[in-house]
Amino acid sequence: MNKILIVDDLHPAFKEQAIAMGYLVDDEPQITRQQTLDKIKDYTGIAVRTKFRIDAEIFAAAPNLKFVARAGAGLDNIDDKIAFERNIQLINAPEGNCDAVGEHATGLLLSLMNNFRRADMEIRNGVWDREGNRGYELKGKKVGIIGYGFMGQSFAKKLAGFEVDVMAYDKYKTGFSDAFVREVSMEEIVKHSDVLSLHIPLTAETKQMVDDEYFFHFKKPIFFINTARGEIVDTPAVLNAIKTGKMLGAGLDVLQTEKFPALGEQPWYDELKNNDKVILTPHVGGWTFDSYRKISEVLAGKLSGLSF
């Protein structure tokens, strides 16, 4: 019988549907990496969220592994090169949390444009400053989206009621203009955007892609949103863009270094946390009570499409 080891916190829907398909499922969300290494040899599949990287060591200990199920959108915590070489199938579930990401990106943008964070803190500290917290309207603005997969599409749909001009550039797709977005060149994104939002995966090509030079080319001051992956963006470049007026504000759900104490040890952390033009959230854009269930349902649904 094909066996799946769940090593992370997944909604019970995944286990229930996998069992209904005939799999034997061991649900061990508290299991450690070492314990996984000790027993993975007996399993056909492994299901993971973010606990640890599925790397060469894990693959080497799993001679019978046929698939890795990633409960989330990205596959950057899996060594896909080794998986490809060994014909191990990879499945993920961007359909399960794309609505959460689209809504989160919209919320960050509205918060930035209307100074919600700063205004709230000032009132709590006895300051009533209407003029200093005057905001911007979305209507009529040009929103540039980089990457038009599930996440980029979701963000564009969420913006539909705001009467904005949504543009998207995707290096790997063409002909995707629809009711919610215009396909444009990167040159048009740089020239016209009032808002820039990233919706691309972390790859060797995109790592640290957004740096000082990247922001330098934008013709207008922008609001910047990143709900993709933190390592795509050089954080000091964001701070520099704010200081030089190239950026009006940044909403960052992800950072190039995440979790404490590592985040607190970064040389740019103090400047980041004290900047009232930055809104930070702890990588929760795609992690809602709703997406927790939907991700597992989508992932389980994809089990039926595997062949081995």
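Among the residues of the range 128-140, write down those that are in contact with a helix residue (DSSP H, G or I) (Cβ under 8 Å, 6 or more places away or on another chain), under 12 Å from Met113 (Cα atoms) and open to solvent by 50 Å² or more (accessible area, probe 1.4 Å).
Tyr136, Glu137, Lys139
Only residues that are open to solvent by 80 Å² or more (accessible area, probe 1.4 Å) and touching a helix residue (DSSP H, G or I) at 6+ places or on another chain (Cβ under 8 Å): list them for the range 272-308, please.
Lys277, Trp287, Asp290, Arg293, listed by residue number.
Any idea how many residues of the range 223-257 are under 21 Å from the mean Cα position of the chain (by Cα) and either more than 20 Å from Gly147 (Cβ to Cβ) or of a type in the set (S, T, N, Q) (or both)?
The number of residues fulfilling the criteria is 8.
Can you find even one residue in the range 138-154 that is in contact with a Lys or Arg (Cβ under 9 Å, 6 or more places away or on another chain), under 12 Å from Phe223 (Cβ atoms) and of a type in the set (Gly, Ala, Ser)?
The answer is no, given that none of the residues of the range 138-154 is in contact with a Lys or Arg (Cβ under 9 Å, 6 or more places away or on another chain), under 12 Å from Phe223 (Cβ atoms) and of a type in the set (Gly, Ala, Ser).
Need the failing condition index for Val143 against (1) surrounded by 20 or more Cβ atoms within 10 Å (Cβ to Cβ); (2) of a type outside the set (Asp, Glu); (3) more than 22 Å from the chain's Cα centre (by Cα), just the number.
Every condition holds for Val143 apart from (3).
Output the qualifying pairs, or none if there are none: Cβ atoms under 6 angstrom, residues six or more apart or on different chains, first residue in the range 265-294 and farther than 18 Å from Phe14 by Cα, second residue surrounded by 13 or more Cβ atoms within 10 Å (Cβ to Cβ) and of a type in the set (Lys, Arg).
Asp276/Arg118; Ile279/Arg117
Scan the range 118-126 and tell me whether some residue there is part of a loop (DSSP other than H, G, I, E, B), touching a strand residue (DSSP E or B) at 6+ places or on another chain (Cβ under 7 Å) and open to solvent by 30 Å² or more (accessible area, probe 1.4 Å).
no
Limited to the range 182-205, what total is found for residues that are closer than 23 Å to Ala100 by Cα and under 20 Å from the mean Cα position of the chain (by Cα)?
Residues in the range 182-205 being closer than 23 Å to Ala100 by Cα and under 20 Å from the mean Cα position of the chain (by Cα): 9 in total.
Name the strands (runs of 3 or more DSSP E) wholly within the range 1-96 that hold at least 2 residues that are in contact (Cβ under 8 Å) with a residue 40 or more places away in the chain and open to solvent by 10 Å² or more (accessible area, probe 1.4 Å)?
89-91
The values are calculated or read from the model by the stated rules, or taken from the named source; none is laboratory data. Worth saying up front: this structure is predicted, and the values here are computed from it rather than measured. All Cβ positions, glycine included, derive from the backbone under ideal geometry; neighbour counts span all protein chains shown. Note: areas computed on protein heavy atoms with side chains; ligands, DNA, RNA excluded. Shrake-Rupley method; radii C 1.70, N 1.55, O 1.52, S 1.80 Å.
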